[in-house]
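These notes are about the structure you will find just below.
The values are calculated or read from the model by the stated rules, or taken from the named source; none is laboratory data. Keep in mind that this is a model prediction, so the values were computed, not measured. Note: ideal-geometry Cβ built from the backbone for every residue, glycine included; neighbour counts use all protein chains shown.
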Amino acid sequence: MLGLFFPRLCLGCQQGLVPGEQHVCLHCLEGLHRPDLSSLTDNAVARKLWGRLPLNGAVCLWDFAAGSQVQRIIHQMKYNHHPKACRYLGRQLGRLCQSVSPGGAVPWDAVAFVPMHRRKYYQRGYNQAELLAQGVAETLGLPILQAVQKHLHTGSQTRLSRAARWRNVQAAFSLRPKAETLAGKRVLMVDDVLTTGATIEGAAKPLLQAGVHQIGIAVLASVV
Ligand SMILES: [Zn+2]
């Protein structure tokens, strides 16, 4: 009955969802452009981080372009209080990780996410990257790590140069005092949007210092 008064709309195209669809219609989920993922380690997203991380794979659901439906979906997810949509899209991202891994076996032991500074977390009420990671971990049957914290508030970085953004975020993340044992692990790091890769690189650094062997990346969208 509620659907009569509050029709469920796709976060992307705003069309009504049909039974079986959740948050994002199938047309948007499958039809919005995505990078070629025929290789886990040699694709447009992985190439952004070559030489910066011991990368063993990069997976991305959509290409990100300003003004696109992908941008609308991610904006809704982050700022319009859609925690369930975050987890749902995380499950879709997890399925994509499986489908592009050879034999369906992903090369990771655990899932981590780009943490948010406490101040921002209390403002928004949730960390979209953490909820995405929960969906990914649930689908892949992997544990989720809480090992990294963001101890510096970097604010909006959108107007900074690449060099300034890089400097800021490299110093912003650290290992939590009671982090899980990480030595030798292969960790899949999840975030919503990959721009230059500076944030994910900064968040992965404490993991690598704690002995993590390889890093994978799974993002909803990557700026082309
Ligand atoms: Zn749609």
Name the helices (runs of 4 or more DSSP H) wholly within the range 1-68 that hold at least 1 residues that are closer than 19 Å to His82 by Cα and modelled with pLDDT under 95? 2-5, 26-31
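Here's the yes/no breakdown for (1) within 20 Å of the chain's Cα centre (by Cα); (2) of a type outside the set (Phe, Trp, Tyr); (3) within 15 Å of Val219 (Cα to Cα); (4) within 14 Å of the ligand (Cβ to nearest atom):
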| position | (1), (2), (3), (4) |
| --- | --- |
| Glu21 | no, yes, no, yes |
| Val24 | yes, yes, no, yes |
| Asn43 | yes, yes, yes, no |
| Val59 | yes, yes, yes, no |
| Trp62 | yes, no, yes, yes |
State which residue pairs qualify: first residue within 19 Å of His27 (Cβ to Cβ) and inside the range 69-80, second residue in a helix (DSSP H, G or I) and more than 11 Å from the ligand (Cβ to nearest atom) in any location, beta carbons under 6 Å apart, and separation of 6 or more residues or different chains. Met77/Ala85; Met77/Cys86; Met77/Gln128
Could you check, for the range 117-124, whether at least one of its residues is within 20 Å of Val45 (Cβ to Cβ) and either in contact with an Asp or Glu (Cβ under 8 Å, 6 or more places away or on another chain) or surrounded by fewer than 23 Cβ atoms within 10 Å (Cβ to Cβ) (or both)? no
Just give me the residues in the range 172-186 being touching a residue at least 24 places away in the same chain (Cβ under 8 Å) and either of a type in the set (D, E, K, R) or farther than 23 Å from Phe64 by Cβ (or both), in sequence order. Ser174, Leu175, Arg176, Ala179, Glu180, Leu182, Ala183, Gly184, Lys185, Arg186
Checking Arg72 against (1) within 12 Å of the ligand (Cβ to nearest atom); (2) under 15 Å from Asp192 (Cα atoms); (3) buried (at least 20 other Cβ atoms within 10 Å of the Cβ); (4) not aliphatic (A, V, I, L, M), which single condition isn't satisfied? (3)
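Among the candidates Pro83, Pro35, Pro7, single out the residue that is surrounded by fewer than 16 Cβ atoms within 10 Å (Cβ to Cβ) and not hydrophobic (A, V, I, L, M, F, W, C). Can you show your working first?
On the way: Pro83 fails: surrounded by fewer than 16 Cβ atoms within 10 Å (Cβ to Cβ); Pro35 fails: surrounded by fewer than 16 Cβ atoms within 10 Å (Cβ to Cβ).
That would be Pro7, the only listed residue that is surrounded by fewer than 16 Cβ atoms within 10 Å (Cβ to Cβ) and not hydrophobic (A, V, I, L, M, F, W, C).
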Does Asp36 meet the test of being in contact (Cβ under 8 Å) with a residue 24 or more places away in the chain, more than 15 Å from the ligand (Cβ to nearest atom) and over 21 Å from His213 (Cβ atoms)? no
Close pairs from the range 189-206: first within 11 Å of Val148 (Cα to Cα), partner of a type in the set (S, T, N, Q) and not in a helix (DSSP H, G or I), Cβ under 6 Å, at least 6 apart: Pro206/Ser174
From the set of residues in the range 10-19 that are more than 8 Å from the ligand (Cβ to nearest atom) and of a type outside the set (A, V, I, L, M, F, W, C), which is surrounded by the most Cβ atoms within 10 Å (Cβ to Cβ)? Gly16
Is it true that some residue in the range 180-191 is of a type in the set (Val, Ile, Thr) and either modelled with pLDDT of 95 or more or closer than 23 Å to His75 by Cβ (or both)? yes
Can Glu30 be described as surrounded by 13 or more Cβ atoms within 10 Å (Cβ to Cβ), under 21 Å from Glu138 (Cα atoms), free of Cβ contacts under 8 Å to residues at least 40 places away in the same chain and within 16 Å of the ligand (Cβ to nearest atom)? no
Can you find a residue that is more than 16 Å from Val219 (Cα to Cα) and touching a Ser or Thr at 6+ places or on another chain (Cβ under 9 Å) anywhere in the range 122-134? no
